[in-house]
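In what follows, a single structure is set out as structure tokens and then discussed.
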Amino acid sequence: MRRAGWIAGAAAAALVAAGAITYAVADGSGSGSGSVARTPAAGSADAGFARDMAVHHQQAVEMSYIVRDRTKDVEVRRLAYDIAQTQANQRGMLLGWLDLWDLPKVSADAPMTWMGMGDMASGEDGSLMPGMATNAEMKRLGTLNGKQAEVFYLQLMTDHHKGGIHMAEGCVAKCTVGVEKRLAQGMVDAQRSEITMMADMLKARGAKPRD
């Protein structure tokens, strides 16, 4: 009950934060430049991170809803719900900023170009960015049940979080909009904590993260 209450509280807090952050960006107060409003360019790290992380988050949401239908384990279902709600809310913020900045949600540039890594993401079988599952892996997750589904989900999500952390750290270093940098740092902190949690959950199931 305590965990469920925390999730509900966190979701509510995220929605409040979304409104506050959007307002801060809209009036320029979140840019770290005083009262001077500044709109990022389409090729900026701010815009690139918003576009790429929105795509990265979408897969995590999809993965989490898949596993909720493949297991009855309360612990895994709660984790999946928490990740889905958190990343859906964050995705909404990222896309909202792009709308606010009047910037496109897609780019002709390869993913990760804003990090100077546009030549690294192969996009092979749907894995567009570091940590993302392939189409084959997503399909396989949808065929598993029970403990097998739990283990595979935890392994996939661990990889997903590692890739997400790498991207978020890139935004912390390169983005210039203050609220976006703070959101990125929050992603780093939360996903590191969840990686530790998932390692424990895998161990309890006689498994471990993938190399």
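The values are calculated or read from the model by the stated rules, or taken from the named source; none is laboratory data. Small disclaimer: the values here were computed from a predicted structure and weren't measured. When we count neighbours, we look across all protein chains shown, and the Cβ atoms used for this are built from the backbone with ideal geometry, even at glycine. Ligands, DNA and RNA are excluded from the accessible area calculation, which covers all protein heavy atoms including side chains. Shrake-Rupley method; radii C 1.70, N 1.55, O 1.52, S 1.80 Å.
Of note:
- Filter result for residue 48 (closer than 30 Å to residue 176 by Cα and surrounded by fewer than 20 Cβ atoms within 10 Å (Cβ to Cβ)): no
- Residue under evaluation residue 54, criteria (1) open to solvent by less than 10 Å² (accessible area, probe 1.4 Å); (2) touching a residue at least 60 places away in the same chain (Cβ under 8 Å), criterion not met: (2)
- Residue 98 being open to solvent by less than 60 Å² (accessible area, probe 1.4 Å), within 15 Å of residue 60 (Cβ to Cβ) and not in a loop (DSSP other than H, G, I, E, B): no
- Where helices (runs of 4 or more DSSP H) sit wholly within region 116-211, those with at least 3 residues that are closer than 22 Å to residue 97 by Cα and free of Cβ contacts under 8 Å to residues at least 60 places away in the same chain occupy 146-174, 178-204.
- Tally, over region 61-89, of residues that are farther than 16 Å from residue 194 by Cα, of a type outside the set (Val, Ile, Thr), open to solvent by less than 60 Å² (accessible area, probe 1.4 Å) and in a helix (DSSP H, G or I): 2
- Filtering 142, 164, 170 for residues that are open to solvent by 10 Å² or more (accessible area, probe 1.4 Å) and small (Gly, Ala, Ser) leaves a single hit, 142.
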